[in-house]
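Visitor: What follows is a single structure, and I will ask about it in a moment.
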């Protein structure tokens with residue numbers, strides 16, 4: 001290692017999963033500095049996103065977090081929940097290797113499960129009486145603003161009165177990781193009028209903002225007497241503007257819908273009497289929607305209460321679908337057949353929430369300073385083991 005040129009070391013490091021790079025930091029001071037450098041963090045993320053290597057499936061249930069690499073489903077790993085005990089942990093999105101975690105509307109964190117680095121957001125009160133809000137009235141979004149190169153969390157809260165008198169007051173606040181501050185968003189009058197007159201009445205899964213083209217998206221379902229057609233609302237991370245996105249006319253009056261994202265493109269899932277699900281896609285942002293696939297029931301999948309496309313297979317012949325309570329199936333685009341993704345040690349009878357997470361060094365590798373026990377364990381590790389691991393990784397990378 002001492003005589004190896006740093007440009008070769010850098011080329012090796014950008015190809016390794018972030019969890020291995022965390023361990024490689026103890027090899028030497030130059031390795032430590034290189035892995036913590038902004039240039040390597042950016043290069044590693046760029047290559048991971050381009051090649052789609054080291055993709056992980058994050059599984060969350062109650063306070064349990066687990067990860068497994070998509071191409072190695074027999075190696076399920078537990079991730080220690082970094083939030084204080086006492087609450088039901090929710091995951092509200094994933095971007096560039098980071099996930100959003102919350103135990104309550106005012107207890108929010110950004111967490112990197114690869115490096116175990118966490119950033120706890122400063123406390124930001126909700127400007128409504130506590131008795132008028134429950135957790136299902138709070139909607140989140142975690143995203144990366146490509147314009148300002150900043151990671152942001154959006155928290156949208158609606159206050160529901162029992163009789164609905166006076167409409168449904170709301171607030172939108174945005175957290176910036178760069179400034180480590182929250183700010184209140186004030187909207188245009190026409191958008192304010194739309195929100196105040198209508199209550200979202202969305203489930204938890206539908207309530208999380210879907211990130212595409214630097215904006216979060218939510219479905220605003222039609223409500224008799226208020227909104228005649230289903231609508232997609234969008235919040236631009238750069239301009240802090242909330243507006244309306246085009247919606248396919250064929251779905252104006254559908255009653256059961258959800259929204260997702262596949263390969264950076266927005267998707268709408270239309271449930272048809274739970275016998276099949278039509279998936280519509282917006283291939284070009286700002287363009288026209290088109291019907292993408294129809295997911296049918298089968299002997300393998302007998303009900304379709306919830307369907308969400310997650311990721312393409314490497315040859316793009318299949319799509320990984322989350323169906324119902326965290327069950328994962330590969331859906332063949334040609335044969336329309338299903339193949340269950342078998343994860344060793346995965347409890348299929350337990351309800352899970354699923355996110356696709358890339359392996360990245362975003363947020364850094366230093367870890368939470370309160371995790372003293374883990375820090376001491378890392379200091380006792382034999383460096384020669386890491387040298388051997390890196391040498392093996394070097395051979396795998398450089399030998400064709």
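The values are calculated or read from the model by the stated rules, or taken from the named source; none is laboratory data. It should be emphasised that the depicted structure is a prediction, and the values quoted were computed from it without experimental measurement. A quick note on method: Cβ atoms are made from the backbone with ideal geometry, for glycine too, and the neighbour counts reach across all protein chains shown.
Visitor: Out of 36, 11, report the one residue that is over 27 Å from the mean Cα position of the chain (by Cα) and touching a residue at least 40 places away in the same chain (Cβ under 8 Å).
Guide: Numbers: 36 fails: over 27 Å from the mean Cα position of the chain (by Cα).
Testing whether each residue is over 27 Å from the mean Cα position of the chain (by Cα) and touching a residue at least 40 places away in the same chain (Cβ under 8 Å) leaves just 11.
Visitor: Hey, another quick one. Scanning for something surrounded by fewer than 17 Cβ atoms within 10 Å (Cβ to Cβ), touching a helix residue (DSSP H, G or I) at 6+ places or on another chain (Cβ under 8 Å) and modelled with pLDDT of 80 or more, does the stretch 233-243 turn up at least one residue?
Guide: There is at least one residue in the stretch 233-243 that is surrounded by fewer than 17 Cβ atoms within 10 Å (Cβ to Cβ), touching a helix residue (DSSP H, G or I) at 6+ places or on another chain (Cβ under 8 Å) and modelled with pLDDT of 80 or more.
Visitor: Can I ask one more? Which of the residues that make up the stretch 310-323 are more than 18 Å from residue 49 (Cα to Cα) and either in contact with a strand residue (DSSP E or B) (Cβ under 6 Å, 6 or more places away or on another chain) or part of a strand (DSSP E or B) (or both)?
Guide: 318, 321, 322, 323
Visitor: The conditions are (1) within 18 Å of the chain's Cα centre (by Cα); (2) modelled with pLDDT of 95 or more, and residue 155 fails exactly one of them. Which is it?
Guide: Result: residue 155 fails condition (2) only.
Visitor: Here's something else I'd like to know. Tell me, please, whether a residue that is modelled with pLDDT of 75 or more, part of a strand (DSSP E or B) and either surrounded by 12 or more Cβ atoms within 10 Å (Cβ to Cβ) or in contact with a helix residue (DSSP H, G or I) (Cβ under 9 Å, 6 or more places away or on another chain) (or both) can be found in the stretch 222-232.
Guide: Yes: the stretch 222-232 contains one or more residues that are modelled with pLDDT of 75 or more, part of a strand (DSSP E or B) and either surrounded by 12 or more Cβ atoms within 10 Å (Cβ to Cβ) or in contact with a helix residue (DSSP H, G or I) (Cβ under 9 Å, 6 or more places away or on another chain) (or both).
Visitor: Test of understanding: among 260, 243, 326, which residue is in contact with a strand residue (DSSP E or B) (Cβ under 8 Å, 6 or more places away or on another chain), in contact (Cβ under 8 Å) with a residue 40 or more places away in the chain and at positive phi?
Guide: The match here is 326.
Visitor: Does the stretch 52-74 hold any residues that are within 16 Å of the chain's Cα centre (by Cα) and part of a loop (DSSP other than H, G, I, E, B), and which are they?
Guide: 52, 54, 70
Visitor: I'm told residue 335 meets every condition in (1) farther than 28 Å from residue 247 by Cβ; (2) in contact with a strand residue (DSSP E or B) (Cβ under 8 Å, 6 or more places away or on another chain) except one. Can you identify the failing condition by its number?
Guide: (2)
Visitor: For the stretch 75-111, give me each residue that is part of a strand (DSSP E or B) and without any contact (Cβ under 8 Å) to a residue 24 or more places away in the chain.
Guide: As a first pass, look at the stretch 75-111 and keep what is part of a strand (DSSP E or B): 77-79, 90-95, 98-104, 107-111.
If the condition is that a residue be part of a strand (DSSP E or B) and without any contact (Cβ under 8 Å) to a residue 24 or more places away in the chain, then 77, 78, 101, 103 are the ones that fit.
Visitor: When you scan the stretch 91-114, how many residues do you find that are surrounded by fewer than 22 Cβ atoms within 10 Å (Cβ to Cβ) and in contact with a helix residue (DSSP H, G or I) (Cβ under 8 Å, 6 or more places away or on another chain)?
Guide: Summing the residues that are surrounded by fewer than 22 Cβ atoms within 10 Å (Cβ to Cβ) and in contact with a helix residue (DSSP H, G or I) (Cβ under 8 Å, 6 or more places away or on another chain) in the stretch 91-114 gives 3.
Visitor: Continuing with this model, one more query. Examine the stretch 296-308 for a residue that is crowded, with 20+ Cβ neighbours inside 10 Å, modelled with pLDDT under 95, over 15 Å from residue 219 (Cβ atoms) and touching a strand residue (DSSP E or B) at 6+ places or on another chain (Cβ under 6 Å), and state whether such a residue exists.
Guide: Yes: one or more hits.
Visitor: Across the stretch 61-75, which residue is surrounded by the most Cβ atoms within 10 Å (Cβ to Cβ) among those that are more than 21 Å from residue 315 (Cβ to Cβ) and at pLDDT 90 or above?
Guide: My answer is 65.
Visitor: In addition: Determine whether residue 49 is assigned to a strand (DSSP E or B) and in contact with a strand residue (DSSP E or B) (Cβ under 9 Å, 6 or more places away or on another chain).
Guide: It is false that residue 49 is assigned to a strand (DSSP E or B) and in contact with a strand residue (DSSP E or B) (Cβ under 9 Å, 6 or more places away or on another chain).
Visitor: Can you tell me how many residues within the stretch 290-318 are closer than 12 Å to residue 329 by Cβ and touching a helix residue (DSSP H, G or I) at 6+ places or on another chain (Cβ under 9 Å)?
Guide: 1
Visitor: Regarding the stretch 263-270, can at least one residue be identified that is under 22 Å from residue 72 (Cα atoms), touching a residue at least 40 places away in the same chain (Cβ under 8 Å), surrounded by 18 or more Cβ atoms within 10 Å (Cβ to Cβ) and touching a strand residue (DSSP E or B) at 6+ places or on another chain (Cβ under 9 Å)?
Guide: no
Visitor: Within the stretch 244-285, count every residue that is assigned to a loop (DSSP other than H, G, I, E, B) and within 19 Å of residue 222 (Cβ to Cβ).
Guide: Start the filter on the stretch 244-285 by keeping residues that are assigned to a loop (DSSP other than H, G, I, E, B), which leaves 246-248, 252-256, 263-264, 273-275, 283-285.
From what's left, within 19 Å of residue 222 (Cβ to Cβ): 246-248, 252-256, 273.
Within the stretch 244-285, residues that are assigned to a loop (DSSP other than H, G, I, E, B) and within 19 Å of residue 222 (Cβ to Cβ) number 9.
Visitor: For residues in the stretch 116-133 being at pLDDT 95 or above and assigned to a loop (DSSP other than H, G, I, E, B), which is nearest to residue 311 (Cα to Cα)?
Guide: Selected residue: 121.
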